[in-house]
Amino acid sequence: MARSRYAGSRMFHLVTRTWNPITGCLHGCVYCWSRRLVETRLRWITRKYRHGFKPAFHEEELSELFKPGEFVFVSDMGDMFGDWVPEEWIMRVLDVVRRFPKTTFLFLTKNPRRYHVLKGTLCLYRNAIFGATIETDIDDLYAGHRISGATTPSERIQCMRSLGALRKMVSIEPVIEFSNPKTFAERVAEIEPEFVYVGYDNYNNKLPEPPLSKTLELIDTLRSHGIEVYEKTIRKAWWEQ
Ligand code: SF4
């Protein structure tokens, strides 16, 4: 199917570079590609990852310089808004973000409750987009399959909705079986994201995936709400093939 413009891309196509001042994550998602990468290849070739995927702060990264127009994905090798991350680390990263107002910084978490706590500060950052991964809207399915130790999708949706005027995005990747296209799209639309990425798992994790027809309907319904949707790996569910 030749529908997906970004099919097969593992990174968000808007991103021009990544920056990892905070790494590691304790959510334990079964499909985590960064943990796999860190615990295998990167651990042995980069001193930065010598402690594996344990949360770590990399002070030396704070001296990085960014150009106007760059689109920087911050901490793609972890979740820098996990509950375990000291607020001081987050604030020091945000200090750097403030110094480069013409660069766009993208954050992505499975713990947007932390955004909610910090929203009085975060709303000052107009060059930052605060994203949440919301792979489904079915809490039971998510917990029942032990997909991740992160907060439930419902809580993530609720926290993202409550962020008011912050710049926001949603990543529905890897997409997991969801209630129905209309309901899930409405819940995402209530978040008022600038854009949404949708994509299937790239790593053959045999997740409980929705059928392709349902995902395509979700994408169309999101667009009917006026949301910019970027398609990543869009394919049949593994069990349909
Ligand atoms: S939240 Fe992201 S970094 Fe953390 S375990 Fe899950 S996929 Fe990996």
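See the values below:
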{"read-out": "Residue satisfying condition, being under 24 Å from residue 197 (Cβ atoms) and either at pLDDT below 95 or not in a loop (DSSP other than H, G, I, E, B) (or both), within set 124, 118", "value": "118"}
{"read-out": "Odd one out for residue 109, checked against (1) hydroxyl-bearing (Ser, Thr, Tyr); (2) in contact with a helix residue (DSSP H, G or I) (Cβ under 9 Å, 6 or more places away or on another chain); (3) within 12 Å of the ligand (Cβ to nearest atom); (4) in contact (Cβ under 8 Å) with a residue 40 or more places away in the chain", "value": "(4)"}
{"read-out": "Test: residue in region 47-63 that is at pLDDT below 90, within 13 Å of the ligand (Cβ to nearest atom), on the phi > 0 side of the Ramachandran plot and surrounded by fewer than 18 Cβ atoms within 10 Å (Cβ to Cβ)", "value": "yes"}
{"read-out": "Strands (runs of 3 or more DSSP E) enclosed by region 135-241 - at least 2 residues per element that are over 18 Å from residue 109 (Cα atoms)", "value": "228-231"}
{"read-out": "Only listed residue being surrounded by fewer than 17 Cβ atoms within 10 Å (Cβ to Cβ) and touching a residue at least 40 places away in the same chain (Cβ under 8 Å), chosen from 135, 194", "value": "194"}
{"read-out": "Unmet criterion (only one of (1) surrounded by fewer than 16 Cβ atoms within 10 Å (Cβ to Cβ); (2) free of Cβ contacts under 8 Å to residues at least 60 places away in the same chain; (3) in contact with a strand residue (DSSP E or B) (Cβ under 7 Å, 6 or more places away or on another chain)) for residue 229", "value": "(1)"}
{"read-out": "Filter pass, residue 177 being touching a residue at least 12 places away in the same chain (Cβ under 8 Å) and surrounded by 23 or more Cβ atoms within 10 Å (Cβ to Cβ)", "value": "no"}
{"read-out": "Selected residue (criterion: nearest to the ligand (Cβ to nearest atom)) from residues of region 64-75 that are surrounded by fewer than 18 Cβ atoms within 10 Å (Cβ to Cβ) and assigned to a loop (DSSP other than H, G, I, E, B)", "value": "64"}
{"read-out": "Pick from region 127-157, criterion among the small types (Gly, Ala, Ser) and either within 19 Å of the chain's Cα centre (by Cα) or under 21 Å from residue 34 (Cα atoms) (or both), ranking: modelled with the lowest pLDDT", "value": "143"}
{"read-out": "In region 15-40, residue farthest from residue 173 (Cα to Cα) [restricted to those that are in a loop (DSSP other than H, G, I, E, B) and more than 7 Å from the ligand (Cβ to nearest atom)]", "value": "21"}
{"read-out": "Only listed residue being at pLDDT 95 or above, within 19 Å of residue 151 (Cα to Cα) and in a strand (DSSP E or B), chosen from 81, 107", "value": "107"}
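The values are calculated or read from the model by the stated rules, or taken from the named source; none is laboratory data. Nothing here was measured: the structure is a model prediction, and the numbers come from that model. Backbone-built Cβ (ideal geometry, glycine too); neighbour counts: all protein chains shown.
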